[in-house]
Amino acid sequence: MDSAYKTTGATFKPLRFNIYRGPNITTSSTLSATHGSAYSHDFYPECDVGIVIPKTMSITGLPAGLTDNGNGTVTGTPTSAGNTNITISCTNNAGQQAQKSVQLQVT
């Protein structure tokens with residue numbers, strides 16, 4: 001329906017709007033790595049922003065030896081064993097953000 005008539009004879013157009021859901025991070029709640037061994041994990045495909053793209057990502061709280069390249073990929077070699085909680089943040093082009101805390105177990 002492109003337009004309609006009111007009882008007064010005036011026309012009006014229907015109100016149209018879109019509702020976009022926020023980002024969703026699908027990463028498992030526990031990840032594993034081995035100290036002294038090369039590690040790489042691409043979080044980019046695990047951040048679903050629906051149709052509102054592009055997206056930006058950051059991963060914080062990484063243990064020594066691992067770095068975030070700024071595009072959702074963590075690489076490096078963990079230097080010691082232990083459990084670390086890392087935070088994954090994903091923001092879509094509409095400014096909606098999701099965060100998820102994940103435990104990285106380095107053995």
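Each reported figure results from applying straightforward, stated rules to the coordinates on display, with no laboratory input. Quick caveat, the model's predicted, so the values are computed rather than measured. So basically every Cβ, Gly included, is an ideal-geometry build from the backbone, and we count neighbours across all protein chains shown.
Computed quantities for the displayed model
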| quantity | calculated |
| --- | --- |
| Debye equation applied to the C-alpha atoms of segment 34-87, log10 I(q)/I(0) at 0.19, 0.21 Å⁻¹ | -0.66, -0.76 |
| Residue-by-residue Karplus 3J(HN,Hα) for segment 38-44, coefficients 6.51, -1.76, 1.60, Hz, glycine and proline x | 4, 10, 8, 9, 9, 7, 3 |
| Extended-chain gain in nm, criterion 0.36 nm per residue less alpha-carbon gap, N69 and Q103 | 10.3 nm |
| Spin-label zone in segment 37-64 - amide nitrogen under 18 Å from a point set 7 Å from the Cα of S80 along the C-beta vector | 37, 61-64 |
